[in-house]
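The structure appears below as structure tokens.
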Amino acid sequence: MSAALPFISLSEPSLHGKEQEYVGDCLKTGWISSVGPYVERFEREFAAYVGSPHATAVASGTAALHLSLIVSDVRAGDLVIVPSVTFIAPVNAVTYVGARPVFLDVDARTQGLDPARVESFVTRECERRGESLVHRGTGRRVRAILPVHLYGNAVDMVEMRRIARDHGLALIEDAAEGISARLDGQHVGTFGEMGCFSFNGNKILTTGGGGMVVSADPARIQRARHLATQAKSDPIRYIHDEIGFNYRMTNVQAAIGVAQLERVEDYVATKRKHHATLSRRLAECGIHLIGAAPRCESNHWMGLLLLPSTHHEKFLAEMTARRIQVRPIWSLNHQLPMYTGDVKGELPVSEAFAASTMCIPCHQGMDDEAVDRLARGIEEFARSTGVESPRWPPETEGKNR
Ligand SMILES: *Cc1c(COP(=O)(O)O)cnc(C)c1O
């Protein structure tokens, strides 16, 4: 393959709006650190965009998760229900507060935490003791559910909210990958008590690095903001009323964020168009992408190509030779050495998902020619190997209910 071919990456930032102008403002005025007009503006405009009354900007999506767990009263020794299939950040955040994860399976249609699995766990393996829901096996308090919206799809948050309310559990959404993704027309991240977003460089809307916490509860947002600012309680004197963190977003990052937000609908429209093109073309040779979940407008953060595990290595090598970046999905967290001892349910769909999927590029920086090159690469791979996509939802689905 010619090295002159442009590299098609899995994700890349688009910085062709007013980023330069707004960052220039910061440099000219000297407001480059964690205070400044762009921080407030980004918080205000982001909250309005996702339809949440309150928001506070932070240093990363991981910081957003950590703060959300603290303000939701998740404490040392508690259990928090998470999916095993996710980027590791939400699982790690659970341990930052001294709590432990409970890994439950995902719904094949949403790739996110399966409400039926959550309900079965809390009713069959846990019991009420006074104010608390206690896991019988460990004697630990179950305090929160932390669903993760993966690859731009949406977990069934309506059902998840009902379960959280029925059992007195906090509901914290990891919507790090979910900008512009909606369920029943409502933006993900606004169903639970707390919603967390990431603006890391590989996310659709980026500030280089950054995150946002949203909530309908002003007290929790105020506390999250306070904790992100070293819990400093006096504007002049160094008086701190609890142990806080340096988790604030800078004005420069927020300036980039404001410019990105002006373009995000265009980005996602382009991604949806690319996704439709790829789905249509690949279907002709027996290869399928996982589509949007029921009632969900996905942002198609990345394309999820259905490919049997027998062909993953070959596909990776072939695409690398074509200067196209592809990757397997995350390794399952319950198999990582830090988490092998934690409570878990049966995970057949998570295992099938990891074994049947590869991530392919589907970003707004790709033009029609790049989409065509990607589609041709996959078509040629399918023809030369004779591979076809496995069935999705997988056969294991039936055993789940
Ligand atoms: C990116 C990501 C995060 C973490 O965000 P950072 O800004 O990188 O800290 C958390 N959860 C998920 C699902 C992510 O994809």
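The values are calculated or read from the model by the stated rules, or taken from the named source; none is laboratory data. Bear in mind the structure is a predicted one, so any value in this text is a computation, not a measurement. Backbone-built Cβ (ideal geometry, glycine too); neighbour counts: all protein chains shown. We work out accessible area using only protein heavy atoms, side chains counted, and drop any ligands, DNA or RNA first. Shrake-Rupley method; radii C 1.70, N 1.55, O 1.52, S 1.80 Å.
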Exercise. What are the trypsin sites (Lys or Arg not before Pro) within segment 292-339 that DSSP puts in a loop, where the Cβ has at most 15 other Cβ atoms within 10 Å?
Worked result: Arg295
Problem set entry | Convex hull volume of the chain per residue (C-alpha atoms, cubic angstrom) | 143
Problem set entry | Gain on full stretching of the segment that runs from Thr123 to Trp330 - 0.36 nm per residue minus C-alpha separation | 71.6 nm
Exercise. When the accessible area of the chain is computed with all protein chains present and a 1.4 Å probe, what percentage of it is carbon and sulfur?
Worked result: 51
For this session: Please give the peptides 59-67, 30-38, 114-122, 172-180 ranked by average Cβ packing (other Cβ atoms within 10 Å per residue), highest first, as a rough proxy for protection.
Result: 172-180, 59-67, 114-122, 30-38
Problem set entry | Accessible surface, per residue, of segment 230-303 when the full set of protein chains is kept, probe 1.4 Å, Å² | 48
Seminar exercise, completed: From DSSP H assignment alone, runs of 4+ in the chain each adding -39500 (n - 2.57), the sum over residues rounded to the nearest 500 puts [θ] at 222 nm at -11000 deg cm²/dmol
Seminar exercise, completed: Cα-based Rg then Dmax for segment 200-336, in Å, read 21.3, 68
Seminar exercise, completed: Averaging 1/r across every pair of distinct alpha carbons in segment 90-181 and inverting yields a Kirkwood hydrodynamic radius, in angstrom, of 13.7
Exercise. Packing-wise, with mean Cβ within 10 Å as the measure, how do 183-192, 126-135, 367-376, 325-334 rank, highest first?
Worked result: 183-192, 325-334, 367-376, 126-135
For this session: Find, among the trypsin sites (Lys or Arg not before Pro) in segment 1-107, those assigned to loop by DSSP (not H, G, I, E, B) with at most 14 other beta-carbon atoms within 10 angstrom.
Result: Arg75
Exercise. In segment 205-263, which trypsin sites (Lys or Arg not before Pro) fall in coil by DSSP and have 15 or fewer other Cβ atoms within 10 Å?
Worked result: Arg237
Problem set entry | Percent antiparallel among DSSP beta bridges (both partners in the chain, rounded to 5) | 65
Exercise. Taking a ≥ b ≥ c as the square roots of the eigenvalues of the Cα gyration tensor of segment 245-401, is the shape rounded (a/c under 1.5), prolate (a/b larger than b/c) or oblate?
Worked result: oblate
Exercise. Given a 1.4 Å probe, how much area per residue of segment 8-135 is accessible, in Å²?
Worked result: 39
Problem set entry | Highest-first arrangement of 273-283, 345-355, where packing means the average Cβ count within 10 Å | 345-355, 273-283
Exercise. How long is segment 1-106 along each principal axis, judged by its Cα atoms, biggest number first, in Å?
Worked result: 49, 48, 26
For this session: Please report Rg over Rh for segment 140-285, where both radii come from the alpha carbon positions and Rh follows the Kirkwood definition.
Result: 1.05
Exercise. Mind listing P(r) for segment 168-238? All alpha-carbon pairs, 10 Å bins, whole percents.
Worked result: 19, 40, 30, 10, 1
